[in-house]
Amino acid sequence: MTTDPFIYLQFIRNTMAALPGTTEGLTHGTPAFYVQKKMLCRLWENGEVLVIRTDERDKWIAKDPDTYFFTDHYRNYPCLLVNLPKVDPDELKILLIKAWMDRASKTQLKAYQENIH
C-alpha cells in the first residue's frame, strides 16, 4: 500500500462500510471499528500500524513476519499488528472481514451473505 496514513484509514473505512452493524469510534485517541460494541481493529497513533482482532495470529506471522507481528503488550490478547505500508490490500481486506465475521451476530452475518450474492 501507499505511505499516507489517510489512505490506510480510508481503505479500512471502505471495507468496514460494507459490513452490517459496523461502527467507527475512537480508542486511545485513534480511529477504531466495532461491531456489537466489540472492537475489531484500531489504528496506532503513528497511523501505520493496525491492531486487529484475530485468533489466527500465528498463521499470519508465519506467512510474513515483516508485515504481521505483535508486541509483548498484545502477547495475551487475540490481536495481530499489521504494518500497513507493507500489507497486501487483499490480505488486509480478508483480515478485516474475518475479524468482523468472528464477532458479528447471526442476523448481521445473514445480511452480509445476502448482500454478496
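The values are calculated or read from the model by the stated rules, or taken from the named source; none is laboratory data. Predicted model only: the values in this text are computed from it and were never measured. Here the Cβ is made from the backbone with ideal geometry for all residues, glycine too, and neighbour counts use every protein chain on show. The area values use the complete protein model at the heavy-atom level, side chains included, leaving out ligands, DNA and RNA. Shrake-Rupley method; radii C 1.70, N 1.55, O 1.52, S 1.80 Å.
Write out, first by first residue and then by second, each pair whose Cβ atoms fall under 6 Å of each other, whose residues are 6+ apart or on separate chains, and whose first residue, in region 76-94, is within 15 Å of Ile7 (Cα to Cα) and outside any strand (DSSP E or B) while the second is modelled with pLDDT of 95 or more and β-branched (Val, Ile, Thr).
Taking only residues 6 or more apart or on different chains, the pairs are Lys86/Thr67; Val87/Thr67; Lys93/Thr15.
I want to confirm something. Restricting to region 58-75 and keeping residues that are part of a helix (DSSP H, G or I) and open to solvent by 20 Å² or more (accessible area, probe 1.4 Å), which single residue is nearest to Lys38 (Cα to Cα)?
Tyr74
If I filter region 35-49 for residues that are within 20 Å of Gln113 (Cα to Cα), at pLDDT 95 or above and open to solvent by less than 60 Å² (accessible area, probe 1.4 Å), do I get at least one hit?
For region 35-49, residues within 20 Å of Gln113 (Cα to Cα), at pLDDT 95 or above and open to solvent by less than 60 Å² (accessible area, probe 1.4 Å): present.
If a residue has to be open to solvent by 30 Å² or more (accessible area, probe 1.4 Å) and under 25 Å from Thr107 (Cβ atoms) to count, how many in region 6-19 make the cut?
Final tally of qualifying residues: 4.
When Asp55 is evaluated against the numbered criteria (1) open to solvent by 50 Å² or more (accessible area, probe 1.4 Å); (2) part of a helix (DSSP H, G or I); (3) within 27 Å of Gln113 (Cα to Cα), which criterion, by number, is the only one it fails?
(2)
Would you mind finding the one in Thr3, Thr23 that is modelled with pLDDT of 95 or more, open to solvent by 30 Å² or more (accessible area, probe 1.4 Å) and among the hydroxyl-bearing types (Ser, Thr, Tyr)?
Checking each option against the conditions leaves just Thr23.
All but one of (1) within 13 Å of Leu96 (Cβ to Cβ); (2) out of contact with any Cys (no Cβ under 6 Å at 6 or more places or on another chain) hold for Val51, so report the exception by its number.
(2)
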